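Data block below; observations after.
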Amino acid sequence: MKLFIATGNLHKLREIRAILAVPGLDITSPRDWPTPLPPIEEDGLTFEDNAVKKALFTAFATGLWTLADDSGLEVDALDNAPGVRSARYAGEPSQDAANNALLLKNLAHSTNRRARFRCALALCSPKGHCQVVDGVCPGSLLTAPRGANGFGYDPLFVPDRYTKTFAEMPDTEKNKISHRAQALQKAADTWGDLFAGDAQDWPQR
């Protein structure tokens, strides 16, 4: 199957290519597409809403099976913010350093540092039918960033049962436990047979 990954984020694309190494799967992305694709407004109320919207729009635009994710950080003390606005928490254009700084400012007087990364992953056929899997990685937030790897809130997030932030881990370690890794593993387990073929739509049940 030729699978289009609907993201321009090179960090996400690298994670997806590393984890979703399914025999017979040919992964392509906007960087390989001959013409620019229109931007998609991520205005859904949930990660699943945004993932489905991106995958569905792109599947129709390219005529290819399309995988899209929406993911972000939910912080207990902030009523699950920044949530679906994780990438734009400090406004546009999206800047990791500004987002992290605002998050730390908003948590300055809180002793509750519990948080989780959440990922929704949607796969849509060229005919416009979609399915979704998800992944969650619980952990806690530091009071200052640590580490130079990763992206987004990785320098602040320490997953449960670990002492290192995501940004201190090599990709091989993070890709075993992250929210996106969990969702992608579910995708490989659930849709592996489909990825290995050349179907034009989901199998009839």
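The table below gives the values:
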item	result
Top-ranked residue of segment 1-37 - restricted to ones that are among the polar types (S, T, N, Q) and in a loop (DSSP other than H, G, I, E, B), ranked as surrounded by the fewest Cβ atoms within 10 Å (Cβ to Cβ)	T35
Unmet requirement for E168, which otherwise passes all of (1) more than 15 Å from S86 (Cβ to Cβ); (2) in contact with a Lys or Arg (Cβ under 8 Å, 6 or more places away or on another chain); (3) modelled with pLDDT under 95; (4) among the charged types (D, E, K, R)	(3)
Per-region count, segment 83-95, residues over 15 Å from the mean Cα position of the chain (by Cα) and either touching a residue at least 24 places away in the same chain (Cβ under 8 Å) or within 16 Å of R118 (Cα to Cα) (or both)	1
Failed criterion for V136 (all others in (1) among the β-branched types (V, I, T); (2) more than 15 Å from R116 (Cα to Cα); (3) surrounded by fewer than 18 Cβ atoms within 10 Å (Cβ to Cβ) hold)	(2)
Residues satisfying the stated conditions in segment 17-49, i.e. touching an Asp or Glu at 6+ places or on another chain (Cβ under 8 Å) and within 23 Å of K176 (Cα to Cα)	A18, F47, E48
Criterion violated by T165 - all others in (1) closer than 22 Å to R17 by Cβ; (2) touching a helix residue (DSSP H, G or I) at 6+ places or on another chain (Cβ under 7 Å); (3) not hydrophobic (A, V, I, L, M, F, W, C) satisfied	(1)
Number of the condition not met by K174 [criteria: (1) more than 12 Å from L73 (Cα to Cα); (2) surrounded by 21 or more Cβ atoms within 10 Å (Cβ to Cβ); (3) at pLDDT 95 or above]	(3)
Out of D76, D134, sole residue that is in contact with a Lys or Arg (Cβ under 8 Å, 6 or more places away or on another chain) and over 26 Å from A18 (Cα atoms)	D76
Residues of segment 108-117 that turn out to be of a type outside the set (S, T, N, Q) and touching a helix residue (DSSP H, G or I) at 6+ places or on another chain (Cβ under 6 Å), as a count	2
Pairs with Cβ under 8 Å, 6+ apart, first in segment 159-182 and in a strand (DSSP E or B), second not small (G, A, S)	P159/C137; P159/P138; P159/F166; P159/I177
Candidate set from segment 12-56 (those that are out of contact with any helix residue (DSSP H, G or I) (no Cβ under 9 Å at 6 or more places or on another chain) and in contact (Cβ under 8 Å) with a residue 24 or more places away in the chain); member that is nearest to D189 (Cα to Cα)	D26
Residue match in segment 74-89 (condition: touching a Ser or Thr at 6+ places or on another chain (Cβ under 9 Å) and aromatic (F, W, Y))	no
Residue count, segment 183-205 (criterion: assigned to a helix (DSSP H, G or I) and among the basic types (K, R))	1
Lone qualifier among G135, G192, G197 - being in contact (Cβ under 8 Å) with a residue 24 or more places away in the chain and touching a His at 6+ places or on another chain (Cβ under 8 Å)	G135
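The values are calculated or read from the model by the stated rules, or taken from the named source; none is laboratory data. Quick caveat, the model's predicted, so the values are computed rather than measured. Every residue, glycine as well, gets a Cβ built from its backbone with ideal geometry; the counts of neighbours run over all protein chains shown.
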